[in-house]
Amino acid sequence: MRILDLGCGTGLELDEIFKLNSTARVIGIDLSKKMLEILRSKHKDKKGTLNLIVGSYFEVELPPEVSDVAISVQSMHHFGYEQKLSLYRKIFRTLVGNGTYIEADYFVDTVIEETELRKR
């Protein structure tokens, strides 16, 4: 399984994924070099299968069809609709065939906010 992790940080989700699939190959992108260093040190045994990139996932060039699954946890709430739409297109291009995108993030917490977002 090939995973693209957008905003992977120290790899809390990857810790669990590796327990279920120790051979998963991961491209992890995060703005924080320090967080990626922590992730790398926790998974020294994944040297050949853990590709960590310091940068913005908006700017990092990713080839098409490099992942079976793309994930983002608690990262997308920082961005507006247009930014997300552009990024979702980029994510879609990285997925192989019927690949899956999983986003775990905040939900709206007021009816007014939900109504405004639905209008877009």
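The values are calculated or read from the model by the stated rules, or taken from the named source; none is laboratory data. Everything numeric here is computed off the predicted structure, so don't read it as measured data. Neighbour counts are summed over all protein chains in view; Cβ atoms, including those assigned to glycine, are modelled from backbone coordinates with ideal geometry.
Brief remarks follow.
- Check on LEU39, of a type outside the set (Asp, Glu) and in contact with a Cys (Cβ under 7 Å, 6 or more places away or on another chain): yes
- Pick from region 57-73, criterion surrounded by 13 or more Cβ atoms within 10 Å (Cβ to Cβ) and free of Cβ contacts under 8 Å to residues at least 40 places away in the same chain, ranking: farthest from ALA24 (Cα to Cα): VAL60
- Single condition LYS47 does not satisfy, out of (1) out of contact with any strand residue (DSSP E or B) (no Cβ under 7 Å at 6 or more places or on another chain); (2) at pLDDT 95 or above; (3) more than 14 Å from ILE3 (Cα to Cα); (4) loosely packed, with under 12 Cβ neighbours inside 10 Å: (2)
- Note on region 74-85: residues that are surrounded by fewer than 17 Cβ atoms within 10 Å (Cβ to Cβ), of a type in the set (A, V, I, L, M, F, W, C) and modelled with pLDDT of 85 or more amount to 1.
- Hey, LEU52 in a helix (DSSP H, G or I) and either under 24 Å from GLU16 (Cα atoms) or in contact (Cβ under 8 Å) with a residue 40 or more places away in the chain (or both) or not: no
- Tabulated pairs, region 6-29, first in a strand (DSSP E or B), second surrounded by 19 or more Cβ atoms within 10 Å (Cβ to Cβ) and of a type in the set (Phe, Trp, Tyr), C-beta under 6 angstrom, 6+ apart or interchain: LEU6/TYR57; ILE29/TYR57
- Looking only at region 86-104, and only at residues there that are among the β-branched types (Val, Ile, Thr) and under 11 Å from the mean Cα position of the chain (by Cα), the one that is surrounded by the fewest Cβ atoms within 10 Å (Cβ to Cβ): ILE102
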